[in-house]
Amino acid sequence: MSHTVEILSVGTELLLGNIANTDAQMLSQGLSELGLNVFYHTVVGDNPARVTEAVNIAKKRADIIITTGGLGPTCDDLTKNVLAKAFGKKLVFDQESADRCKAFFDRIGRTMTDNNLQQAMLPEGCTILTNDWGTAPGCAFYADGVHVIMLPGPPSECRPMFYHRAVPYLQQLSEGVIFSHTLKLFGIGESTMEAQLRAQMNAMTNPTLAPYAKEGECELRVTAKAATVEEAQVLLKPTVDQLFQLFGDKIYGMDVSSQEEVVEQLLREKGLTIGCAESCTGGLIAKRLTDVPGASQVFQGGIVSYTNEVKHKVLGVPQELLDQYGAVSAPVARAMAEGARKALGCDIALASTGVAGPDPDDRGNEVGTMFVALATPDGTYVRALHLGNRPVRARLRTQTAHHAFDLARRWLTGLPCDDQP
């Protein structure tokens, strides 16, 4: 049976824009991995009448409703009350949930106020989803032809509650298993990728193929449904093999989280270390490297050389290069990478320099003019980038870091480093 999901996010702070609705994004991604169709996102404030109206609409167009928020101890936490009433269920006190809540407060050395006990009031007959990451339990029940799952709002609770509590419940609704592989691509736009695959995607039923655009990257998710994971993998293999043949080295990994994860894995396999010297990216390359668990095994350090003085005195970039070519140039990028490799004592080093905006530099380089370099034992490689003149500093820095990691991946896998996406 094909299910239709609506995500109902409850919270006035979401409507006001005080916080981003990251829960809905996470849930959509996770439900897609399960092969469940999310057709609607609804955000509603902490108002009983409007929440009731939103629930009544959702009941008519979805057979799975997943709510986030409104399960806490305050007077505006009303999700359970509204959902229970909408589906004709009473709220009953669950002693075990109350005990778990009190134990949580004891553990952090605080006194539990009585209003916290409202979190232990749950719809009769529901499946209680215990919350090991906070105080408010979630719950799930089936009524009026609809599966209802309620999750807490804080992302630090919602995410683990979804994956460790809701996913097992949802998996029971599907016959067989749904299994996916995600291919990560760099150096090709979503529209170009989709144009090459459109006819095939429209014709596929099992497995299915779906493209996704990320910031400066693309994903292809291949999903199959079968009786077992092994059978699903057999179904996936021909399509996965075809995609690798079609897109070649633009695919930097399968079922990986990021380029930096791939680079660090390659470094560990080869027993090599990496460092970086950054100007325009302002430490983003180092941050992304250290975001990967186990980075200390391969990452020596980074130098944010934002001024010419630091480029010269710390990295040893010759002053004549800075005077002749300017900081935003291929020769300076090359010297920065080589200086970082020497100063940090690492096997390879990345460097970045460029104009992140909002204005051109004093030598007339337009916003989006960037250079990345990679210094290695067998030479230094430089890539010139023209990323557009839209004055979005964060986007330009992200793109530049992507290109830096692409250079490193190419060298570590024996691919030509002068091939530019």
Original post:
When residues of the stretch 4-27 are filtered for being farther than 11 Å from PRO155 by Cβ, modelled with pLDDT of 95 or more and of a type in the set (Asp, Glu), how many remain?
Top reply: 1
**OP:** Could you please give the count of residues in the stretch 256-299 that are free of Cβ contacts under 8 Å to residues at least 24 places away in the same chain and either touching a Lys or Arg at 6+ places or on another chain (Cβ under 8 Å) or not in a loop (DSSP other than H, G, I, E, B) (or both)?
**Re:** 6
Original post:
If we keep just the residues of the stretch 372-419 that are assigned to a strand (DSSP E or B) and among the aliphatic types (A, V, I, L, M), which is surrounded by the most Cβ atoms within 10 Å (Cβ to Cβ)?
Top reply: VAL372
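From the list GLU157, GLU124, which one is modelled with pLDDT of 90 or more, open to solvent by less than 80 Å² (accessible area, probe 1.4 Å), out of contact with any Phe, Trp or Tyr (no Cβ under 7 Å at 6 or more places or on another chain) and over 30 Å from ALA232 (Cβ atoms)? Walk me through how you get there before you give the answer.
On the way: GLU157 fails: out of contact with any Phe, Trp or Tyr (no Cβ under 7 Å at 6 or more places or on another chain).
The unique qualifying residue is GLU124.
Out of the residues in the stretch 176-203 meeting the condition of being charged (D, E, K, R) and in contact (Cβ under 8 Å) with a residue 24 or more places away in the chain, tell me which one is least open to solvent (accessible area, probe 1.4 Å). Reasoning before the result, please.
Taking the stretch 176-203 as the starting set, the residues that turn out to be charged (D, E, K, R) are 184, 190, 194, 198.
Imposing the further condition that a residue be in contact (Cβ under 8 Å) with a residue 24 or more places away in the chain reduces the set to 184, 190.
Numbers: LYS184: 15, GLU190: 77 Å².
Checking each candidate, the answer is LYS184.
Rundown of residues vs (1) touching a Phe, Trp or Tyr at 6+ places or on another chain (Cβ under 8 Å); (2) at pLDDT below 90, yes/no style:
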| position | (1), (2) |
| --- | --- |
| GLY379 | no, no |
| LEU385 | yes, no |
| GLY388 | no, yes |
| VAL392 | no, yes |
| THR398 | no, no |
| ARG409 | yes, no |
| THR413 | no, no |
| CYS417 | yes, yes |
| PRO421 | yes, yes |
Original post:
If you check every pair at least six apart or on different chains, which have Cβ atoms under 7 Å apart with a residue in the stretch 326-351 that is without any contact (Cβ under 8 Å) to a residue 40 or more places away in the chain first and a residue that is assigned to a strand (DSSP E or B) second?
Top reply: VAL332/THR353
Subject >> Any pair with Cβ under 7 angstrom, 6 or more apart, that starts in the stretch 75-89 at a residue that is open to solvent by 70 Å² or more (accessible area, probe 1.4 Å) and ends at one that is outside any helix (DSSP H, G or I) >> reply: ASN81/LEU91
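The values are calculated or read from the model by the stated rules, or taken from the named source; none is laboratory data. Computed from a predicted structure; not experimentally measured. Using ideal geometry, Cβ is built from the backbone for each residue, glycine included, and neighbour counts are taken over all protein chains shown. Note: areas computed on protein heavy atoms with side chains; ligands, DNA, RNA excluded. Shrake-Rupley method; radii C 1.70, N 1.55, O 1.52, S 1.80 Å.
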